[in-house]
Amino acid sequence: REEPKPLHEFVKDVPDDLERIIGRCLRKNLQERYASTAEIERELEDCRALTSEAVSGINLRVLFRQGRRPRVAIPILLILLTLGSLFVWWLHRSSRAQWARNQAVPQIAQLIDNEKLGEAYALAVQAERYIPYDPMLSKFWPAISRSGSIKTTPAGVSVFRKNYNAPDDAWEVVGRSPIEKRRFPLVDSVWKFELKGFATVERATFPSDDLTVTMDEEAKAPAGMVRVELATPASPLSTPLTLFGFAGYEGLPAVQLGDFLIDRYEVTNGQFKQFLDQGGYRKQEYWKNEFLKDGHVLPWAEAMTLFRDTTGRPGPATWVQGEYPRGQEDFPVTGVSWYEAAAYAEFAGKLLPTIYHWAAAASPADGPSVIPASNFDGQGPARVGKYGGMSWSGAYDMAGNVKEWIWNEANSGKRYIMGGAWNEPTYLFNDPDARSPFERTANFGFRCAKYASRDEAAKAADPVILQARDYSQEKPVSDSLFQVYKSLY
């Protein structure tokens, strides 16, 4: 009438399966008992095999027979799947480690010899996943990578990177700032900094050690301008307000510089059209500089007759009937004199950059990297930003596209114009050019700058007379050294 007590209350250490078998034999309901002694025998054999054999000697026949029960089958299946997955993973990793040692490492060495450091770095990163402590791979890292940090104000900025010479590549996620002592490829790079509520910032390194970036709130960020932070390690200056003379600009006096803003792109036709349509050529308040021509100061009305388009209307020399060429709203305005450029800057609440500020933002020393990515193709001006030639500061087209008027006066009343143009030799990116401020050539354009105060740029705005090098006074080198120099060209 009553169910018997469990066997383990009478006998210690009874196997669970044995207690289950005996319990089933004693069920009150006949239908719940075993159907035959043969079924009991099989259960007892399985129980004995599973409890007496060591794990290393598991009877697979018994295991599979037990596996018919869902309570046993599911754990067994999971174990087998796990073991199988681990085995496949081990085989894959073993084969990839062989690939890394036998194929990737020799390819990395060859890429380094061919100065393809970006490709070598990418391959080394793949190989490191499988042979992280390989001594040969460890020797390559100093030749293809650098250690650097990235700091932003504020922190928590999303940082992205891609190779400078591959503008169409997808952005690689670097992480969130601050980033301390991370390894980066030893190649020219473009960086992007994004944070919700703040204006996106772009920078370039050629390469450098660290990056420091200040983000501006979107509502306060100056439209279309980039912040040139001269205190950042990536800039041409190592500390703020450093006395600095630019290499390649022989005879240029050193001047104190602070952070400033400069247009991301050259002033476009569309922007200059706003100046014209809002009476820029009729409002004398924008034209604050004397019109000095051939030693004489021209009256306002007479000077204005010199700034006409091809049909005699006020406007750039390349325009027709007060209009820029159709479809070129985003192309740089061309055919403007220094006076017209300065008047537009006044209209826009800005100034033309000084030779110092322009060179600080452009960093002509980076020419070997910037020039190949810029518009020197001889086909004509291009839409601003079309070419990937971005300076370290995030300003585009400072090399090539159109020449850019600068504030400073040169000798004989001329004004400097910088950067070279689409139809000029590339070396003009590095060489200041002085032209008549009335000249309105079809490859002349400009961009604007903004300073914390006009007084801050006063010293940098002084006239600059560059002294030409007198080669007749130079001591000639020996013939053998001359041959070495000659071999470089």
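Counting the residues of the range 153-185 that are open to solvent by less than 20 Å² (accessible area, probe 1.4 Å), touching a residue at least 40 places away in the same chain (Cβ under 8 Å) and under 17 Å from Asp216 (Cα atoms) gives 1. If the condition is being within 18 Å of Val336 (Cβ to Cβ), of a type in the set (Gly, Ala, Ser) and either in contact with a Phe, Trp or Tyr (Cβ under 8 Å, 6 or more places away or on another chain) or part of a helix (DSSP H, G or I) (or both), then the range 295-319 contributes Ala303, Gly315.
Let's see how each residue does on (1) outside any strand (DSSP E or B); (2) touching a residue at least 40 places away in the same chain (Cβ under 8 Å); (3) closer than 30 Å to Glu266 by Cα; (4) among the β-branched types (Val, Ile, Thr):
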site: Trp422; (1), (2), (3), (4): yes, yes, yes, no
site: Leu428; (1), (2), (3), (4): yes, no, yes, no
site: Ala434; (1), (2), (3), (4): no, no, yes, no
site: Glu456; (1), (2), (3), (4): yes, yes, yes, no
site: Lys459; (1), (2), (3), (4): yes, yes, yes, no
site: Ile465; (1), (2), (3), (4): yes, yes, yes, yes
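Given the structure, is Lys459 open to solvent by 60 Å² or more (accessible area, probe 1.4 Å) and modelled with pLDDT of 90 or more? No. From the list Pro233, Pro253, Pro240, pick out the single residue that is touching an Asp or Glu at 6+ places or on another chain (Cβ under 6 Å) and at pLDDT below 90. Among Pro233, Pro253, Pro240, only Pro233 is touching an Asp or Glu at 6+ places or on another chain (Cβ under 6 Å) and at pLDDT below 90. When the range 96-111 is limited to residues that are free of Cβ contacts under 8 Å to residues at least 12 places away in the same chain and farther than 22 Å from Ala166 by Cβ, the one that is least open to solvent (accessible area, probe 1.4 Å) turns out to be Pro106. Checked against (1) touching a Leu at 6+ places or on another chain (Cβ under 8 Å); (2) of a type outside the set (Asp, Glu); (3) modelled with pLDDT of 90 or more; (4) open to solvent by less than 20 Å² (accessible area, probe 1.4 Å), Ile131 passes all but condition (3).
Would you mind finding the one in Gly413, Gly380, Gly400, Gly385 that is open to solvent by less than 60 Å² (accessible area, probe 1.4 Å), in contact (Cβ under 8 Å) with a residue 60 or more places away in the chain and under 35 Å from the mean Cα position of the chain (by Cα)?
On the way: Gly413 fails: under 35 Å from the mean Cα position of the chain (by Cα); Gly380 fails: in contact (Cβ under 8 Å) with a residue 60 or more places away in the chain; Gly400 fails: in contact (Cβ under 8 Å) with a residue 60 or more places away in the chain.
Among Gly413, Gly380, Gly400, Gly385, only Gly385 is open to solvent by less than 60 Å² (accessible area, probe 1.4 Å), in contact (Cβ under 8 Å) with a residue 60 or more places away in the chain and under 35 Å from the mean Cα position of the chain (by Cα).
For Thr441, work out the one condition from (1) assigned to a helix (DSSP H, G or I); (2) of a type in the set (Ser, Thr, Tyr); (3) at pLDDT 95 or above it doesn't fulfil. In the conditions (1) assigned to a helix (DSSP H, G or I); (2) of a type in the set (Ser, Thr, Tyr); (3) at pLDDT 95 or above, Thr441 misses (1) alone. Can you tell me which residues in the range 307-329 are under 23 Å from Ser436 (Cα atoms) and open to solvent by 70 Å² or more (accessible area, probe 1.4 Å)? Scanning the range 307-329 gives Arg308, Thr310, Arg313.
Taking residues in the range 269-288 that are over 10 Å from Glu340 (Cα atoms), and partners anywhere that are exposed (fewer than 13 other Cβ atoms within 10 Å of the Cβ) and aromatic (Phe, Trp, Tyr), the pairs with Cβ atoms closer than 8 Å and at least 6 places apart or on different chains are Gln284/Trp300. Checked against the criterion of being at pLDDT 80 or above, open to solvent by less than 100 Å² (accessible area, probe 1.4 Å), over 21 Å from Pro132 (Cα atoms) and not acidic (Asp, Glu), the candidates Asn114, Asn59 yield just one match: Asn114.
The values are calculated or read from the model by the stated rules, or taken from the named source; none is laboratory data. Keep in mind that this is a model prediction, so the values were computed, not measured. Counting neighbours? That spans all protein chains shown, and the Cβs are built from the backbone with ideal geometry, glycine included. What goes into the accessible areas is simple: the full protein's heavy atoms, side chains included, and nothing from ligands, DNA or RNA. Shrake-Rupley method; radii C 1.70, N 1.55, O 1.52, S 1.80 Å.
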